[in-house]
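Engineer: One structure, as structure tokens, below. Some questions next.
The values are calculated or read from the model by the stated rules, or taken from the named source; none is laboratory data. Treat the numbers as computed from the prediction; the structure is a model and nothing was measured. Virtual Cβ from ideal backbone geometry, glycine too; neighbours counted across all protein chains shown.
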Amino acid sequence: MSRHRVKAVSYDEDEYDDGYYSPDPEEQEFLEQCTTEVLNQLRAGDPSVTATRSEVQDALYHYYDDIEKSVNYLRGKKVKELQKKQAAAAAPPAALKTKGTSVPVYPEPPLISPAPAAHFSAADFFRDAPWLNIPSHRKAEILVEPLYPRLGLLGGAPESAGGGKVSKLAALAAARRKKEGDKAAAATPPAATDSTAAETAPKAASTESKGATLSLRERLAVSGKLQKSPSDGHQSLRSLGRGSRQGGSLSGKKTSTEPEPQESPKQEEAASVTPEPKTSGTSEKEDHTALNIRAPPSTFASAMVGDSTRPKMTEPSHLSANTLDLIRIYGQDLTEPFDFAGPSPDDVVINAQSSAKGFKSKQPASKSAGDKKTQADLAGGMNNLSVEEKVNVKSKNLDVLSEYKKAERKRAMNFAVIGHVDAGKSTLMGRLLADLKAIDQRTLDKYKREAEKIGKGSFALAWVLDQGAEERARGVTIDIATNKFETEKTVFTIVDAPGHRDFVPNMIAGASQADFAVLVIDSSIGNFESGLKGQTKEHALLVRSMGVQRIIVAVNKMDSVQWDKERFDEIEQQVSSFLTTAGFQPKNINFVPCSGISGDNVTRRSDDPNVSWYQGRTLVDELEATEPYSHAVDKPLRMTIGDVFRGSVQNPLSISGRLDAGSLQVGDQILTMPSGETATIRSLEVDGEPNDWAVAGQNVVLNLANIDPIHLRSGDVICRASAPIANVTSFTCKVLAFDHLLPSMVDIHRGRLHVPGRISRLLSTLDKQSGAIIKKKPKIVAPGTVARIVVEMDQAVPLEAPTRIVLRAGGETVAAGLLE
Amino acid sequence: MRLVKNKIELNGSGTVTLCPEEPEDMWHAYNLIRPGDLLRASAIRRVTTTQDTGSTSSARVHLTLEIRVKSLDFDPQSSQLHVSGQIVNETAHTKVGQHHTLDLELNRNFTLEKEIGSDGEGVGWDSIAVQMLKDAVDESGNRRAEAVAVVMQEGLAHICFIGQFQTILKQKVEMSVPRKRQGGGDHDKGMNKFFQVTLDTLVRQMEFNTSATSLSTNNETVRPVLLASPGFVAAGFQKYIQSVANTSMPALKRLLPSIVVVHSASGYLHSLAEVLQSPAVKTILADTKYARETRLMDDFLDQLRKETNKATYGPREVESAVDQGAVGRGGGVLIISNRLFRSQDVAERKRWVSLVDRVRDVEGGEVRVLSSDHESGRRLDGLGGVAALLTFPIVDDAGDEDDDDDSQ
């Protein structure tokens, strides 16, 4: 292959040329056929219209020889023109008012009702537009060159209308079409004139849509023929505005004819980006010479500047006023008759509907834009645009506290179920839920089958709460499980805590959400004793040191000791003595003998004759007898995150927890600590039910937006930016020592918050009752004494006084106390 | 560390030439080299020369430089030691008094000289320095006691290397694992992801060869891997490694026999103390310095708990106990962190060295220098860096009024 041959291959170009510049005879013939066909159809159709051949051919060209479409298009166009003519003829002279305010009130032209037109009428559409009432004497000032759609179907987007680079081909085509249009105009004066112009009307209207300023300027720039009539002796407002803006030489004497600065500037015109409209006499002359090729004004243009058929109006007084703010006129009235910044009527309707439905739809970014959009607004709008889409959630601005008082809710309480490992906590709670029908029988049967399959049939009830695969396989609760059930008076939330010593951190998290506690004790021989030494004791101390006042002791597995009253009494005596030393008041301690596995004395009184000695309340009755607790509803918002998870597809990021203090509602901005990031509450659930607000004491799930999940960890604290919680690396606290305290490494627990730290200094030991200092700078703090110590942490942690904290070391709780 | 040449004079001055062979030797060098010492090592220095015409050219030249140490910078993660100071020897490219930072490199000799100045600005090779040198050189060669420990809990893992003298936290893995929820399987998925990340990190940190061919070819010894956690996390992780070894990464099978699962109270680094006390680990790391140190600290804390007044801590308290002769023959032990000897202040160092010398030589007590880079040393640092087991109880009411400067 030689290079020559490659070079010689140029038939592609030839074909290209053929297709565009010299249509082959076949095509010509086909075009002729189509044209006649279209003309016939037009004539025959319902509103009989006529059209020039060239028009028809143009339409055919743009519709790719589709006869039907071309006919429809042309008919629509012609009908509009007819209506327009009628309307223009009927338009009575309109009085003109002085423009005093920045928002000019233009007289509304009288309602002209042409024959109820089924078709779209441009005149009708623009009827109330302010620029419709331009005085008639100015109608000839601006001759807008018809803007032909280029390189596309009719009515295509006029992105580059007049402004962009025009290809030679397009320029040629435009020139040819213009000539044809002019010829046609000469032939059939009124109808055809409008017909050519009307072609551009839809386009011009769409150009007008947003960047009114831009398109107008472009058009001004392009139409070198824009002129003013010297007879009327007034500057075009537009050119005046432009002149004063560009040259700055033009003063308020706009009434002067042909001001000097604008007369000469041939070069200036060439140099300036947006050439000055020619207003001088020379250009006038030029216009005359070029008259025969000039296109008649478009519908739009005639709508803008008035119509020859329109009666002349009196001279607008604002034109003769000496103190006219030209820029204001230019900038607001003429170029921005209507901006499309506000929501469209459709949007308004849709928004109203969605808000009525409680939908939180995304609001358009320009929602707040007023009806007057200045450049500054535009710039601001640009700044608001960001790559990441912000979700705006509309706040309902509820007064949550009054809503809370209004709401007729059942009282709600949380209780923690604590006790030694294998005391039967989960099983007892599973029984409670099953008997109260909080869980359906089918699920229960399924659990029973599956549990039996792996040889742990007795764990079936516990599986209601132990949902984890690991938990089920091992038969041990690992993490807290929350579940709720209702009695007639109260909604209870169970927080089932793990009993194993390794999971005490999780138990602390659970206990921190509890109003009161149910201590489950294994009454069988040996287990009670080991439990008392183990987590029975530790848990009881922990819940007490976390502020729990009331404790119900469920003496479980009584069936294994044949409901022996003596055994029960022995346990009651031992446990109550221990609990009173731990700081529980005797009136707040209740004992219930029960059996989780059989369900005796849980929700129903046992019918076993051996239990006849017990006449007290069942476990549920005891739960109901508990007094509700008040929460710090009016304090600043505080919530410890219990869990961060993916709720659903709609809510990719959710957090759960219990509100410690304060209140919140949908749409609120919240701050997470220690990361210090803000988030928006997209929606929230209270006790599993969607709600608009939540107050302290409620268990909530918050669906968040506008935050990255890496900023959220369980144990973090949610607060408000107005009342943030401080992150500290060191704090002083007053603690009750459970073990020897000396400067050493400890784990600090507060609810889900769980961080490593160290006791850096022992400040003093205190008297238990009075709080007076007994000894300064002790070397070591003995168990059972109260001491003031300083704890330091490596990382900053959100803590504030008065918070109850627990210090653990080596798997044991060494101290618990209050931040100071 | 190999001792190449030892020229320590009787009066304590003299030079030592050492060759570091392992990364941990850098830590020893860090403890041996003090500000004011003379250090001679090979260096690469960029020298800029100006011609008569004014044009400059710079070249990197190999030099042997001797500097008077001003400061040390030790990076335990990568075991790199940078020693900066002023040059004291004249070379063709450098002038006396110019500053230079020497980067000590493995298998490259360096010479360390400690002087005894006439006006006492240097301390020379004191007993502590000589002891450290002995530890560093380790003539008996019984220091193959390295292990990798992964202390973990749900969503948190600390991967650390336990060496003879230091515990290096290599990497911390932290992930948010969703908690168990009603009807949610996120927790198990999250745990799996967490295990996967932890295993990847562990393998990378151990520089474990995971290619399939390594199974048969090289028989490098694998360090014991301790997995410690509360609950079942460590066991779950072991199971996960097993499943990965069986499916996607057969090379991990070499790792499996060396894995030991231990219980710890939490996933934080300070739980490592508990890990190393567990019987399973003690058999692996029998009688390492670490194990001895840990045991010593436990003894001390036991004594303190018993409130027999036979144990005390804090700089002033210990000094007064030594003054009273309580840290002597028959059970007196002075426990001191080597952080105190690293002090920039010569007087401070002299204070502790003289205390150590006094207990050992005059009182006849035992002295244990604990590495501050170990968990037990860190515990000791929490107590002020120095503690003592006493031969008889002493009453500690003296330290109440002037103890504000003790809490350092």
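Engineer: Which one of these is closer than 19 Å to B:Val123 by Cα and more than 23 Å from the chain's Cα centre (by Cα): B:Ala326, B:Ala321, B:Ala311, B:Ala347? Can you show your working first?
Structural biologist: Numbers: B:Ala326 fails: closer than 19 Å to B:Val123 by Cα; B:Ala321 fails: closer than 19 Å to B:Val123 by Cα; B:Ala311 fails: closer than 19 Å to B:Val123 by Cα.
It is B:Ala347.
Engineer: Read through the list (1) modelled with pLDDT of 85 or more; (2) closer than 25 Å to A:Thr493 by Cα; (3) over 20 Å from the mean Cα position of the chain (by Cα), then give the number of the only condition that A:Gly688 fails.
Structural biologist: The single condition A:Gly688 does not satisfy is (1).
Residues checked against (1) loosely packed, with under 15 Cβ neighbours inside 10 Å; (2) at pLDDT 85 or above; (3) in contact with a strand residue (DSSP E or B) (Cβ under 7 Å, 6 or more places away or on another chain); (4) away from chain A (no Cβ under 14 Å):
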position	(1), (2), (3), (4)
B:Ala234	no, yes, yes, no
B:Phe237	no, yes, yes, no
B:Asn246	yes, yes, no, yes
B:Arg254	no, no, no, yes
B:Val261	no, yes, yes, no
B:Tyr268	no, yes, yes, no
B:Leu276	no, no, no, no
B:Pro279	yes, no, no, yes
B:Ala286	yes, no, no, yes
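Residue-by-condition table, conditions (1) surrounded by fewer than 24 Cβ atoms within 10 Å (Cβ to Cβ); (2) of a type in the set (S, T, N, Q):
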| residue | (1), (2) |
| --- | --- |
| A:Ile480 | no, no |
| A:Asn483 | yes, yes |
| A:Glu488 | yes, no |
| A:Val491 | yes, no |
| A:Ala497 | no, no |
| A:Asp502 | yes, no |
| A:Ala511 | no, no |
| A:Phe516 | yes, no |
| A:Leu519 | no, no |
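Engineer: Evaluate region A:618-634: report whether one residue or more is in contact (Cβ under 8 Å) with a residue 40 or more places away in the chain, assigned to a strand (DSSP E or B), surrounded by fewer than 21 Cβ atoms within 10 Å (Cβ to Cβ) and more than 14 Å from every other protein chain (Cβ to nearest Cβ).
Structural biologist: Yes, region A:618-634 has at least one match.
Engineer: Can you confirm whether region A:762-773 contains a residue that is surrounded by fewer than 18 Cβ atoms within 10 Å (Cβ to Cβ), among the polar types (S, T, N, Q) and under 30 Å from A:Thr680 (Cβ atoms)?
Structural biologist: Among the residues of region A:762-773, not one is surrounded by fewer than 18 Cβ atoms within 10 Å (Cβ to Cβ), among the polar types (S, T, N, Q) and under 30 Å from A:Thr680 (Cβ atoms), which makes the answer no.
Engineer: Also, quick follow-up: So, in region A:661-676, of the ones that are within 14 Å of chain B (Cβ to nearest Cβ) and at pLDDT below 90, which residue ends up surrounded by the most Cβ atoms within 10 Å (Cβ to Cβ)? Can you show your working first?
Structural biologist: Step one: filter region A:661-676 for residues within 14 Å of chain B (Cβ to nearest Cβ), giving A:672, A:674-675.
Still in the running and at pLDDT below 90: A:674-675.
Details: A:Pro674: 21, A:Ser675: 16.
Once the filter is applied, the top-ranked residue is A:Pro674.
Engineer: Residue by residue through region A:689-747, note down the ones that are surrounded by fewer than 19 Cβ atoms within 10 Å (Cβ to Cβ), under 27 Å from A:Asn392 (Cβ atoms) and charged (D, E, K, R).
Structural biologist: Matches in region A:689-747: A:Glu689, A:Asp692, A:Asp708, A:Arg720.
Engineer: Is it fair to say A:Glu812 is surrounded by fewer than 18 Cβ atoms within 10 Å (Cβ to Cβ), under 30 Å from A:Leu712 (Cα atoms), touching a residue at least 24 places away in the same chain (Cβ under 8 Å) and at the interface with chain B (Cβ under 10 Å from one of its Cβ atoms)? Reasoning before the result, please.
Structural biologist: On the way: surrounded by fewer than 18 Cβ atoms within 10 Å (Cβ to Cβ): yes; under 30 Å from A:Leu712 (Cα atoms): yes; touching a residue at least 24 places away in the same chain (Cβ under 8 Å): yes; at the interface with chain B (Cβ under 10 Å from one of its Cβ atoms): yes.
Yes: the conditions hold for A:Glu812.
Engineer: Name the one entry in A:Arg658, A:Arg638 that is touching a residue at least 12 places away in the same chain (Cβ under 8 Å), within 14 Å of chain B (Cβ to nearest Cβ) and crowded, with 21+ Cβ neighbours inside 10 Å.
Structural biologist: Details: A:Arg638 fails: within 14 Å of chain B (Cβ to nearest Cβ).
Exactly one of A:Arg658, A:Arg638 is touching a residue at least 12 places away in the same chain (Cβ under 8 Å), within 14 Å of chain B (Cβ to nearest Cβ) and crowded, with 21+ Cβ neighbours inside 10 Å, namely A:Arg658.
Engineer: So is A:Ser744 hydroxyl-bearing (Ser, Thr, Tyr), touching a residue at least 24 places away in the same chain (Cβ under 8 Å) and away from chain B (no Cβ under 14 Å) or not? Can you show your working first?
Structural biologist: Numbers: hydroxyl-bearing (Ser, Thr, Tyr): yes; touching a residue at least 24 places away in the same chain (Cβ under 8 Å): yes; away from chain B (no Cβ under 14 Å): no.
Criteria not met by A:Ser744.
Engineer: Would you mention how many residues in region A:638-654 are within 22 Å of A:Gly751 (Cβ to Cβ) and at pLDDT below 80?
Structural biologist: So the count comes out to 1.
Engineer: Just need a number here: residues in region A:701-731 that are β-branched (Val, Ile, Thr) and within 14 Å of another protein chain (Cβ to nearest Cβ).
Structural biologist: Matching residues across region A:701-731 total 3.
Engineer: Go through (1) in contact with a Leu (Cβ under 8 Å, 6 or more places away or on another chain); (2) free of Cβ contacts under 8 Å to residues at least 60 places away in the same chain one by one and return the number of the condition B:Gly97 breaks.
Structural biologist: Failed condition: (1).
Engineer: Being surrounded by 14 or more Cβ atoms within 10 Å (Cβ to Cβ), charged (D, E, K, R) and within 14 Å of chain A (Cβ to nearest Cβ) is the filter here; which residues of region B:300-335 pass it?
Structural biologist: B:Arg305, B:Lys310, B:Arg316, B:Glu317
Engineer: Right, next: Within region A:430-488, can you find the residues that are over 23 Å from A:Pro505 (Cβ atoms) and of a type in the set (Asp, Glu)?
Structural biologist: A:Asp435, A:Asp440, A:Asp445, A:Glu450, A:Glu452, A:Glu486, A:Glu488
Engineer: Conditions first: (1) polar (S, T, N, Q); (2) crowded, with 16+ Cβ neighbours inside 10 Å; (3) modelled with pLDDT under 85. A:Thr427 passes all but one, so which condition is the exception?
Structural biologist: Only one criterion is unmet by A:Thr427, namely (3).
Engineer: Output the residue which, of all residues in region A:15-64 that are exposed (fewer than 13 other Cβ atoms within 10 Å of the Cβ) and among the small types (Gly, Ala, Ser), is modelled with the lowest pLDDT.
Structural biologist: A:Gly19
Engineer: For residues that are within 14 Å of another protein chain (Cβ to nearest Cβ), in contact (Cβ under 8 Å) with a residue 60 or more places away in the chain and either surrounded by fewer than 22 Cβ atoms within 10 Å (Cβ to Cβ) or in contact with a strand residue (DSSP E or B) (Cβ under 8 Å, 6 or more places away or on another chain) (or both), tally how many sit in region B:288-298.
Structural biologist: Filtering region B:288-298 for residues within 14 Å of another protein chain (Cβ to nearest Cβ) gives B:294, B:297-298.
Checking the rest, the ones that are also in contact (Cβ under 8 Å) with a residue 60 or more places away in the chain come to B:294, B:297.
Then keep just the ones that are either surrounded by fewer than 22 Cβ atoms within 10 Å (Cβ to Cβ) or in contact with a strand residue (DSSP E or B) (Cβ under 8 Å, 6 or more places away or on another chain) (or both); that gives B:297.
Within region B:288-298, residues that are within 14 Å of another protein chain (Cβ to nearest Cβ), in contact (Cβ under 8 Å) with a residue 60 or more places away in the chain and either surrounded by fewer than 22 Cβ atoms within 10 Å (Cβ to Cβ) or in contact with a strand residue (DSSP E or B) (Cβ under 8 Å, 6 or more places away or on another chain) (or both) number 1.
Engineer: What tally of residues in region A:752-777 results from selecting those that are more than 10 Å from chain B (Cβ to nearest Cβ) and touching a strand residue (DSSP E or B) at 6+ places or on another chain (Cβ under 8 Å)? Talk me through it step by step, then tell me what you get.
Structural biologist: In the first step, residues of region A:752-777 are kept if they are more than 10 Å from chain B (Cβ to nearest Cβ); the result is A:753, A:762-774.
From what's left, touching a strand residue (DSSP E or B) at 6+ places or on another chain (Cβ under 8 Å): A:753, A:762-768, A:771-774.
Residues flagged as more than 10 Å from chain B (Cβ to nearest Cβ) and touching a strand residue (DSSP E or B) at 6+ places or on another chain (Cβ under 8 Å) within region A:752-777 amount to 12.
Engineer: Turning to a different aspect of this structure: State which residue is farthest from A:Ser512 (Cα to Cα) when the search covers only region A:540-599 and only residues that are of a type in the set (Phe, Trp, Tyr) and buried (at least 16 other Cβ atoms within 10 Å of the Cβ). So that I can check it myself, show each step before the final result.
Structural biologist: First, pick out the residues of region A:540-599 that are of a type in the set (Phe, Trp, Tyr): A:563, A:568, A:578, A:584, A:591.
In the following step, the residues that additionally are buried (at least 16 other Cβ atoms within 10 Å of the Cβ) were identified as A:563, A:568, A:584, A:591.
Numbers: A:Trp563: 33, A:Phe568: 29, A:Phe584: 17, A:Phe591: 23 Å.
Among those that are of a type in the set (Phe, Trp, Tyr) and buried (at least 16 other Cβ atoms within 10 Å of the Cβ), it is A:Trp563.
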